[in-house]
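First the structure, in the form of structure tokens, and then the observations on it.
The values are calculated or read from the model by the stated rules, or taken from the named source; none is laboratory data. The shown structure was predicted, so the numbers you read here are calculated from the model rather than taken from an experiment. Neighbour counts are summed over all protein chains in view; Cβ atoms, including those assigned to glycine, are modelled from backbone coordinates with ideal geometry.
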There are 2 protein chains.
Amino acid sequence: MLGAEDPAIPHRRRKHALPGRPVAPQMDNDCRRCPVRGVSLFGDLPDEVVFSLNNPAEHLDLPAGHVLYREGAAANAAFTLKDGVIKLTRTAVNGRDQILRLLTRGDVMGAEGLMGLAYNHTATTLTPVQICRLPLPVLKQLQAEHPTLNHALLARWAVALQQVENLALELGTKKASERLATFLLYWRAKNGHYPSMPLPLSRTETGELLGLTVETVSRFFADWKRRGYLSEKAGIIHLHNLEALETLSGSESLSRI
Amino acid sequence: MLGAEDPAIPHRRRKHALPGRPVAPQMDNDCRRCPVRGVSLFGDLPDEVVFSLNNPAEHLDLPAGHVLYREGAAANAAFTLKDGVIKLTRTAVNGRDQILRLLTRGDVMGAEGLMGLAYNHTATTLTPVQICRLPLPVLKQLQAEHPTLNHALLARWAVALQQVENLALELGTKKASERLATFLLYWRAKNGHYPSMPLPLSRTETGELLGLTVETVSRFFADWKRRGYLSEKAGIIHLHNLEALETLSGSESLSRI
DNA sequence: CGTGACCTTGAAATACATCAAACCTTGTGG
DNA sequence: CCACAAGGTTTGATGTATTTCAAGGTCACG
């Protein structure tokens, strides 16, 4: 609880998004030994079914800054994220981007292809990732043969809906500092409640998530660093004053304290 | 296409939300003759199944301003909206409300009770409504017996997700006038693309949907009325200048034109 | 015909965006 | 290995969109 060890691997920060050819080393392409099978879509499927799959999924290793698929493109596969962080974004008519969800280990993306024809988002890796690519025809067949899968899909959709609802609630009811503080605390919780966590979002991206400009995000970070609420080093955020951040996430504003 | 007849019933505007006792006349409680069966959850179920249901659903007639269920309350039933408009809201920690979805004919609500224990939203009628109340145990059993139902549920979840994503996109990337104009055009489309449509939202509620204050909403309405873009009478909105609104929904601002 | 809910309008305050420039940091090529 | 280039971050000055506060106006209903 109090001051545990530092978390995971400090995901290396990307510079400019490389064109990123899928460096797929095919190390272990066996679904039965998939490290995320427990949390993945197939968690509910019995062993014999997973055996029978004959490894329909393709393992991929991608660098940070790689676009997996684009909003509006014809959907041909769904993906499971085994490790790393991915952002799902949409672009408004005025050209501004909105991050709608941040995906981490175990999350599924692209499954909307089961319902419609096109992807609803653009999926971009924020760190190097390991993912599992599942062609939609395979998934459709599995869905038909094993109704359990539908339940798993339903559960995921429900979670996704709640996440986006939380986002809309934040965007519609809170001000800049509140949104940013709330996000930092959320991200901390999502990363194991450690006092430190990797933050693979640039200031611009943080703004795209929270409906703010780069400058506004930067100003609050700077302000909170000066106050000693947090510090940052090599892409790792350290939260020193959770209480202050919790208060900020509730109501306070920069100039009022 | 051009200047068609006026649309539906001018839903009477509520004054203060009555405590609203469920005036349920039980006129026709037979699911087989349900006017929205085609668009409802059971659209896919074969006739014999619907027959066998033995009318598990309860028909309700509610006045405007009635709270169907509250965020956080134990979920015991799902509902199908046969007629009228309902808002789904959540309240932020600071007490401000956010409308997350507006439901119309055929929409389903409260199905999150299938996955979790509590309702995620507060559901409030904005007009008099006719709804169908479906106890969750019944729905769960149907779900187990007829996997088709899962597909229907999945489809609905997918639509809900897209709607909320659209909202988040609006809230995160656009400014007041753009959001309001976009919403008016959206609402027009949802009401049959007629030049006129009932708007069962108060200024306050419109603000709660779009992340704005009453005053801001009122000012834009006033401004656009003065410009002749629209007019309003007895809760009915008439859009006179779609082009202007479309431009506004894209980029323009009040002071800049 | 008064009362309560809702809507409008104005003036002032403020939060955030925009514009502009300097500063870091990190990977790269000489 | 150094220095530069490029992307990202910080900071300041200024503008403006939107909120906040306050008051008056309208409409429907009892």
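Do we find that A:Thr124 is within 15 Å of the chain's Cα centre (by Cα) and crowded, with 18+ Cβ neighbours inside 10 Å in this structure? Before you say what the answer is, go through the steps one by one.
Details: within 15 Å of the chain's Cα centre (by Cα): yes; crowded, with 18+ Cβ neighbours inside 10 Å: yes.
Criteria met by A:Thr124.
Do we find a residue being within 7 Å of chain A (Cβ to nearest Cβ) and buried (at least 17 other Cβ atoms within 10 Å of the Cβ) anywhere in region B:176-198? Show your work before the answer.
The first filter runs over region B:176-198 and keeps only residues within 7 Å of chain A (Cβ to nearest Cβ), leaving none.
No, every residue in region B:176-198 fails to be within 7 Å of chain A (Cβ to nearest Cβ) and buried (at least 17 other Cβ atoms within 10 Å of the Cβ).
Report whether or not B:Phe42 is modelled with pLDDT under 95 and crowded, with 17+ Cβ neighbours inside 10 Å. Full working, then the answer.
Details: modelled with pLDDT under 95: yes; crowded, with 17+ Cβ neighbours inside 10 Å: yes.
Here the answer is yes, as B:Phe42 does meet what is asked.
Considering region A:109-141 alone, what residues qualify as being within 13 Å of chain B (Cβ to nearest Cβ), among the aliphatic types (A, V, I, L, M) and not in a loop (DSSP other than H, G, I, E, B)?
The initial filter retains those residues of region A:109-141 that are within 13 Å of chain B (Cβ to nearest Cβ), namely A:109-122, A:139-140.
Applying the additional criterion that residues be among the aliphatic types (A, V, I, L, M) yields A:109, A:111, A:114-115, A:117-118, A:139.
Residues satisfying the conditions are A:Met109, A:Ala111, A:Leu114, A:Ala118, A:Leu139.
Within region B:199-217, track down each residue that is free of Cβ contacts under 8 Å to residues at least 24 places away in the same chain, under 29 Å from B:Asp83 (Cβ atoms) and either within 8 Å of DNA strand C (Cβ to nearest atom) or more than 14 Å from chain A (Cβ to nearest Cβ) (or both).
Across region B:199-217, the qualifying residues are B:Ser202, B:Arg203, B:Thr204, B:Val214.
Do we find that B:Ala144 is out of contact with any helix residue (DSSP H, G or I) (no Cβ under 7 Å at 6 or more places or on another chain) and either facing chain A (nearest Cβ under 10 Å) or crowded, with 22+ Cβ neighbours inside 10 Å (or both) in this structure? Give the steps one after another, and end with the answer.
Working: out of contact with any helix residue (DSSP H, G or I) (no Cβ under 7 Å at 6 or more places or on another chain): yes; either facing chain A (nearest Cβ under 10 Å) or crowded, with 22+ Cβ neighbours inside 10 Å (or both): yes.
The answer is yes for B:Ala144.
Pick from region A:73-88 the residues that are over 22 Å from A:Gln141 (Cα atoms) and outside any loop (DSSP other than H, G, I, E, B): which of them is farthest from the other protein chains (Cβ to nearest Cβ)?
Checking each candidate, the answer is A:Asp83.
For the list (1) of a type in the set (Ser, Thr, Tyr); (2) out of contact with any helix residue (DSSP H, G or I) (no Cβ under 7 Å at 6 or more places or on another chain); (3) over 23 Å from B:Trp187 (Cα atoms), I need the number of the one condition that B:Tyr119 fails.
Condition (2) is where B:Tyr119 drops out.
Here are A:Leu184, A:Leu167: which of them is more than 16 Å from DNA strand D (Cβ to nearest atom) and under 20 Å from A:Leu245 (Cα atoms)? Let's see the steps before the verdict.
Numbers: A:Leu184 fails: more than 16 Å from DNA strand D (Cβ to nearest atom).
The conditions single out A:Leu167.
Given (1) under 17 Å from B:Ala176 (Cα atoms); (2) more than 11 Å from DNA strand D (Cβ to nearest atom), where does B:Pro195 come up short, assuming only one miss?
(1) is the only condition that B:Pro195 fails.
Name the single residue, out of those in region B:219-246 being more than 10 Å from DNA strand C (Cβ to nearest atom) and in contact (Cβ under 8 Å) with a residue 60 or more places away in the chain, that is farthest from B:Gly192 (Cα to Cα).
Selected residue: B:Ala234.
When A:Ala160 is evaluated against the numbered criteria (1) within 11 Å of DNA strand D (Cβ to nearest atom); (2) within 13 Å of chain B (Cβ to nearest Cβ), which criterion, by number, is the only one it fails?
(1)
Are any of the residues in region B:89-102 assigned to a strand (DSSP E or B) and among the small types (Gly, Ala, Ser)?
Here is the first cut: in region B:89-102, the residues assigned to a strand (DSSP E or B) are B:89-91, B:97-102.
From what's left, among the small types (Gly, Ala, Ser): none.
No.
If you go through region A:151-194 one residue at a time, how many are within 17 Å of the chain's Cα centre (by Cα), in contact (Cβ under 8 Å) with a residue 40 or more places away in the chain and within 15 Å of DNA strand C (Cβ to nearest atom)?
Summing the residues that are within 17 Å of the chain's Cα centre (by Cα), in contact (Cβ under 8 Å) with a residue 40 or more places away in the chain and within 15 Å of DNA strand C (Cβ to nearest atom) in region A:151-194 gives 2.
One line per residue, one yes/no per condition, for (1) within 30 Å of A:Gly95 (Cβ to Cβ); (2) in the same structural domain as B:Asn241 (by TED's automatic domain parsing); (3) not polar (S, T, N, Q):
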site	(1), (2), (3)
B:Thr127	no, no, no
B:Leu139	no, no, yes
B:Arg179	yes, yes, yes
B:Thr182	yes, yes, no
B:Arg188	yes, yes, yes
